[in-house]
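Values quoted throughout were computed directly from the atomic coordinates according to the rules given, and no laboratory measurement underlies them. These figures come from a predicted structure and were not determined experimentally. Positions of Cβ are generated from backbone atoms using ideal geometry, with glycine treated the same way; all protein chains shown enter the neighbour counts.
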Amino acid sequence: MAQATLSDVRPMDSSTRARALPTLEALAQAPLPTRFGRFQVRVYRWDDEAAHPALSKEHCALVMGDLHGRRNVPVRVHSECLTSEVFGSLKCDCREQLECAQAAIAERGYGAVLYLRQEGRGIGLANKVRAYALQALGADTIEANERLHLPVDARTYDVAAAMLRELGVESIELMTNNPDKVAGLSNLGIKIERRVPVHVPPNPHSASYLEVKRSKMRHDLLKPTFQLHDSDVPPESSDDERAPDSTRRQIAI
Ligand SMILES: [Zn+2]
């Protein structure tokens, strides 16, 4: 399959790691019917030596419609979160954001989810779960990473920029609450026509995490509109921890 090179894309700010960029290699493509509609799934290889060694080098784009030469393409640049997307963890809003994006793209009839294998904001699954263990003892998501001497956010967006060039996208409407993602992609030469917020209602397990994202990581999130009570949050060690009915309703898309 065709290969896209990135000779014209170079990091432009100091927060982006300076390194020789890999070549994006398109490996496979097939139709993928989903409960949101029919996508094409394209799998790429991006051999980034600077990435954490636990992370997969295979990334994918979930594409609907022909995006070549198109402007204002709805795009979600989404980083892998196994715990929420596979196991239904309520600690974060990743799965709901992914599903909102797929639904929005299906409604428009075209667009792409760029699914990056940057588990745990780029530190890998084991480190993310180590951080969860500290969070169960009271640390917030930033404090936990810092206690483990890990970066708070090690994600990069080079591969997403490379995918958008490979797909021939002219400009995007980026579905995100994260201003750093907007800046990161802009600095890589991606034209962002507008940012579209993806607001997911908090549940008792995700509320404090979302509040840290809002207050410490500058994500554009709504301020909490309810007060948590201890009785709302079952103990982390509970063996039979079922989501309350209200939470199950909130996460239904
Ligand atoms: Zn998550």
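R0 = 30 Å: FRET efficiency of residue 72 with residue 47, Cβ-based, nearest 0.05? Don't skip to the end; give the middle numbers.
Numbers: r = 32 Å, r/R0 = 1.05.
After rounding to 0.05, the efficiency reads 0.40.
Applying 0.36 nm per residue to the separation of residue 183 and residue 86 and subtracting their alpha-carbon distance, the gain on full extension is 32.0 nm.
Straight-line cross-link partners of residue 128 among the lysines, defined as a Cα under 30 Å from its Cα and at least 8 positions apart when in the same chain: 57, 91, 181, 213, 216, 223. Counted residue by residue at 0.36 nm each, then reduced by the alpha carbon distance between them, the extension gain from residue 129 to residue 147 reaches 5.1 nm.
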